[in-house]
1. Closer than 30 Å to ALA75 by Cβ and surrounded by 13 or more Cβ atoms within 10 Å (Cβ to Cβ) - does that describe any residue in region 45-54?
2. Across region 39-73, what is the total count of residues that are of a type in the set (D, E, K, R) and touching a helix residue (DSSP H, G or I) at 6+ places or on another chain (Cβ under 8 Å)?
3. Kindly indicate the residue of region 16-44 that is assigned to a helix (DSSP H, G or I) and in contact with a Lys or Arg (Cβ under 8 Å, 6 or more places away or on another chain) and also surrounded by the fewest Cβ atoms within 10 Å (Cβ to Cβ) among those meeting that condition.
4. Quick check on my filter: what residues within region 59-93 are surrounded by 13 or more Cβ atoms within 10 Å (Cβ to Cβ) and not in a helix (DSSP H, G or I)?
Amino acid sequence: MSAVASVLTAFNANRTKIWVGAVTLLLVFYLVVAFQRAVLLMTDANPVAKALGVAYLLLPVIGAWALVRELLFGARTERLAKILEAEGGLPVDNLPRTPAGRIIREAADVEFEKYRAEAEAAPEDWRSWFRLSCAYDAAGDRKRARASMRDAVRLYRTGSRQA
């Protein structure tokens, strides 16, 4: 029974990584199949098929680029989160939620203003941009959350690591 419990505990602790791995494997499988189909089309004698094969070859190339970019983004984000956690600088998730578990938008908007002011006061500190990204995410603005997190990663990587 303890072996099953330890497996369940490990699964729960790494659930996101397991899903990312599964989706990544499915995408890689798709990219390999698309590449193979593109090569088959390019070896056809018909010039239209050759042209389609060349065009179809772009799909796995673009897909591989996007996959690598997103995996690196996730790994870098996780690294920054671990640093902030060790420093005690992660935002506390104490926002009120609906019975379904969604964050109440008005509460997130109020909390957001605090982190926006922090980022404006310290525009070169990756920590403030990381926290602002979390606030955007809580407020439901995923596009700006990702943009702010990219800013945090960029600032961290360019050496703005001051405490």
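1. No: region 45-54 contains no residue that is closer than 30 Å to ALA75 by Cβ and surrounded by 13 or more Cβ atoms within 10 Å (Cβ to Cβ).
2. Looking only at region 39-73, we keep the residues that are of a type in the set (D, E, K, R), and these are 44, 50, 69-70.
Restricting the remaining residues to those that are touching a helix residue (DSSP H, G or I) at 6+ places or on another chain (Cβ under 8 Å) gives 44, 50.
So the answer is 2.
3. Residues of region 16-44 assigned to a helix (DSSP H, G or I): 16-42.
Filter once more, so that each one left must be in contact with a Lys or Arg (Cβ under 8 Å, 6 or more places away or on another chain): 41-42.
Details: LEU41: 19, MET42: 15.
The selected residue is MET42.
4. Answer for region 59-93, where residues must be surrounded by 13 or more Cβ atoms within 10 Å (Cβ to Cβ) and not in a helix (DSSP H, G or I): GLY89, LEU90, PRO91.
No lab work stands behind these numbers, since they all come straight from the coordinates. Predicted model, so just to flag it, every value in this text is computed and none were measured. Positions of Cβ are backbone-derived with ideal geometry, glycine not excepted, and every protein chain shown enters the neighbour counts.
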